């Protein structure tokens, strides 16, 4: 039996095992936390009488927890290693999802989802992405794109399978099943994670950023941008399914559109990961953000299921590049010695924006009875993000000897 630090495990080929494991874990866990609740809006509203703003706040509670936890978990993984931190996260997500299936009051959902985000999702997302980036010294953009594609698959697959489970056993039974699957599948898989080997005689990771700007400045600049791009991103992820249901289509049809959008996103995340290796992370980030911003409001004006499917394919490819390029941008522009902790902070702001986008969507629907302002606000947030990222790009490239971003 090989030990965790054996030479065989530390071989360059093992990085592909780490990448595959990361992809699976991100698909199942982040699919639940980020937007898995989207197919629960209508059945929970019908059975419990809760408004969509109240239900959206469940998801936002989880994302708030994820945001706050990410501030800590990046540092924790740097100190204790990635595997124990991620295993704790998997156990937390599975257990909290199972407990949520028994909850009867909104406050119970808020608490359980907050814990799932704070001790679960935050222990998974940033540490795993940083781990992949550290295993792949060359071609990190493509590798991160593949891992990010796994999350896209989960964000489509979890709601889609959730809708089928709800049809078969009700929303409580569906939630319980998803929690059990998380524990039974991911805990054994998570044991395969390894930190990359330390090369003897290698210099310590640098504390300097490639651009020469202070690491804190770069980190917070990217973090601020992600608040707005993820506010934009969250709206279709959380409210596209109920928007389509409001047009008179069934839950499986509506969740099918989201599933197709996120299947396309798998290709988009890999493609934009490769694009960061070719043109640089910041230009790729700007491209993906512009794509998302221009198209997001268009969903509101569609009323035919075939058009929803076609539009979702085009939107999904471009929007998908946002998370991949955020992660690669953070990796490329921050100090190598501070990658995990910097990514943790950036992801904290990103998921806070995601929670804000989902919550405001439910609130504006409850106030107006329509999704017009929900999707309009998403486009406005996207424009603000583009302005912030453009300012960062100009600042770096106006320096005496800028590093390519």
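The values are calculated or read from the model by the stated rules, or taken from the named source; none is laboratory data. Here the structure is a predicted model, which means the values were calculated and not measured. As a convention, Cβ positions derive from the backbone with ideal geometry for all residues, glycine included, and neighbour counts pool all protein chains shown.
Numerical summary
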{"item": "Which numbered condition residue 249 misses (of (1) over 20 Å from residue 166 (Cβ atoms); (2) modelled with pLDDT of 85 or more)", "result": "(1)"}
{"item": "Residue ID - farthest from residue 255 (Cα to Cα), chosen from residues in segment 189-200 that are modelled with pLDDT under 90 and touching a helix residue (DSSP H, G or I) at 6+ places or on another chain (Cβ under 7 Å)", "result": "196"}
{"item": "Lone qualifier among 226, 182, 231, 177 - being within 23 Å of the chain's Cα centre (by Cα) and either at positive phi or surrounded by fewer than 22 Cβ atoms within 10 Å (Cβ to Cβ) (or both)", "result": "177"}
{"item": "From 162, 179, 139, 121, residue being within 27 Å of residue 333 (Cα to Cα) and touching a helix residue (DSSP H, G or I) at 6+ places or on another chain (Cβ under 6 Å)", "result": "121"}
{"item": "Which listed residue, of 243, 186, is closer than 21 Å to residue 53 by Cα and either touching a helix residue (DSSP H, G or I) at 6+ places or on another chain (Cβ under 7 Å) or without any contact (Cβ under 8 Å) to a residue 24 or more places away in the chain (or both)", "result": "243"}
{"item": "Check on residue 164, surrounded by fewer than 16 Cβ atoms within 10 Å (Cβ to Cβ), modelled with pLDDT of 85 or more, farther than 30 Å from residue 84 by Cα and over 20 Å from the mean Cα position of the chain (by Cα)", "result": "yes"}
{"item": "Residue within segment 356-373 that is under 18 Å from residue 324 (Cα atoms) and at pLDDT 85 or above present", "result": "no"}
{"item": "Test result for residue 33, farther than 30 Å from residue 196 by Cβ, buried (at least 16 other Cβ atoms within 10 Å of the Cβ) and in contact (Cβ under 8 Å) with a residue 40 or more places away in the chain", "result": "no"}
{"item": "Wholly enclosed helices (runs of 4 or more DSSP H) of segment 63-136 bearing at least 1 residues out of contact with any strand residue (DSSP E or B) (no Cβ under 6 Å at 6 or more places or on another chain) and either over 26 Å from residue 269 (Cβ atoms) or free of Cβ contacts under 8 Å to residues at least 60 places away in the same chain (or both)", "result": "82-100, 106-115"}
{"item": "So residue 335, is it over 26 Å from residue 40 (Cβ atoms) and crowded, with 21+ Cβ neighbours inside 10 Å", "result": "no"}
{"item": "Some residue of segment 342-362 being in contact with a helix residue (DSSP H, G or I) (Cβ under 8 Å, 6 or more places away or on another chain) and more than 30 Å from residue 74 (Cα to Cα)", "result": "yes"}
{"item": "Subset of segment 359-379 that is part of a helix (DSSP H, G or I) and free of Cβ contacts under 8 Å to residues at least 60 places away in the same chain - its residue that is nearest to residue 60 (Cα to Cα)", "result": "364"}
{"item": "Only one of 111, 85, 72 that is within 30 Å of residue 196 (Cβ to Cβ) and modelled with pLDDT of 90 or more", "result": "85"}
